[in-house]
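*Asks:* After the structure tokens below, expect a handful of questions from me.
The values are calculated or read from the model by the stated rules, or taken from the named source; none is laboratory data. Here the structure is a predicted model, which is why all the values come from computation and not from measurement. Heads up, the Cβs are rebuilt from the backbone with ideal geometry, glycines too, and the neighbour counts pull from every protein chain shown. Please note that ligands, DNA and RNA were not included when accessible areas were found on the heavy atoms of the full protein model with its side chains. Shrake-Rupley method; radii C 1.70, N 1.55, O 1.52, S 1.80 Å.
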Amino acid sequence: MTIKKIFVGAVVASMTAGTAMAADIALVIGSNQDAFWNVVKKGAEDAATIIEARGGSLNILQTQGYENYGPDLAVLIEQATAQGVDGIATVLPVPEAQMPAIHAAIEAGIKVTLLNGGSDSLDESGALNYFGSEEYTAGFEGGKYLAMAGAKNILCHNQTPGTANLDSRCRGVVDGATEAGANARELPLPANLDQDIAGTSAAIEAELNGDPSIDGVITLATWAADAAYGAIDGLGKTDSVMLGTFDLSPSTLDRIKAGTQMMAIDQTPYYQGFLSVSTLAAHIDFGTKIATAPVLTGPAIVDAANIDATFAGVEAGTR
């Protein structure tokens, strides 16, 4: 046996022996129909190999959709609390609906950490930390980017109005574009169109037809970027309407590579899943805590300048 193998074996042994606790963690996140959460799950599942090696567990709970998002997440938090888990990592997009369930979990002795949405509510929630992007800042950078690239009239599509993190994104887009000298406004669509590519594409096409001066569209999810591209392409405007989106997907990256999409805003959801779950379990097992709060995993702009370096991560399920 090589020295390297002996060292690795000793590390594994130290992780699995003499542990005061073996944390059972619940991860409460968004719709199981939304591909974005697959990347968050990938990070959490990779972290779970360490948790399970110490004798703990990870249970992933997801909403069915977004039409009743906040209350549905609250129900899942209550469910995890009733199961007697040691820790809950949860997204917090609708604080008014979820806060009572989070406070009840903490009062029951459960440790809570936040990811993806809820950075503005970290103190109020009583959670240990937040792992994700600051939504307003990310939107600001996206709106500014399109305006600096030449867009003069930008549309920000919001698929679930009333959701705190998405509302903050569009608000940031408007402010960032305005500061850079462009006009921008939000297009709020009803939540029953969420994940509906055909319906969303038709709605965006109607906006483009109604206001021919629109020369930039930014969406808050990759499926919505597919919908927006369908509208832009269908009108023959791929050369005159810039497209940007939050998050990454193979189709988004293919369009950036081909020059039919300007950019994407990456919040590295893999890190959100991995770090929120692993640090929560470590806090429960060993009493450790990261000194920095919140822990920002974005934003990072992906465009033609760095597109080639991004493909490998998407293919591996980590971006």
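*Asks:* With the cut-off at 35 Å, report for the chain the share of all Cα pairs above it, as a whole percent.
*Replies:* In whole percent, the share of Cα-Cα pairs in the chain beyond 35 Å is 24.
*Asks:* Taking the Cα-to-Cβ direction at Thr178 and at Ala198 and moving 7 Å from each Cα, how far apart do the two end points lie in nm?
*Replies:* 3.8
*Asks:* Could you look at the chain and say what percent of its accessible area is carbon and sulfur, using a 1.4 Å probe and all protein chains?
*Replies:* Numbers: 7140 of 13150 Å².
Solvent-exposed carbon and sulfur of the chain make up 54 percent of the total.
*Asks:* Taking the alpha-carbon centroid of each part, what is the distance from the stretch 134-210 to the stretch 249-319 in angstrom?
*Replies:* Rounded to whole Å, the Cα centres lie 21 Å apart.
*Asks:* Name the residues whose placed amide hydrogens come within less than 5 Å of the amide hydrogen of Leu115, ignoring near sequence neighbours (fewer than 5 apart) on the same chain.
*Replies:* When sequence neighbours closer than 5 places are left aside, the close amide H contacts are Thr90, Val91, Leu92, Phe131.
*Asks:* Which whole-number value in Å³ per residue fits the convex hull of the alpha carbons of the stretch 211-264?
*Replies:* Expressed per residue, the convex hull around the Cα atoms of the stretch 211-264 is 64 Å³.
*Asks:* Separate question: I want to make sure I understand the PRE zone here: with the label point 7 angstrom from the Cα of Ala108 toward its beta carbon, which residues in the stretch 26-66 have backbone N atoms less than 20 Å away?
*Replies:* 26-30, 56-64
*Asks:* Can you tell me the accessible area per residue over the chain, all protein chains present, probe 1.4 angstrom, in square angstrom?
*Replies:* Solvent-accessible surface per residue comes out at 41 Å².
*Asks:* If you don't mind, there's one more thing I want to ask. What number, rounded to the nearest 500 deg cm²/dmol, is the helix-based mean residue ellipticity at 222 nm of the chain, given -39500 (n - 2.57) per DSSP H run of at least four residues and division by all its residues?
*Replies:* It comes out at -15500 deg cm²/dmol, rounded to the nearest 500.
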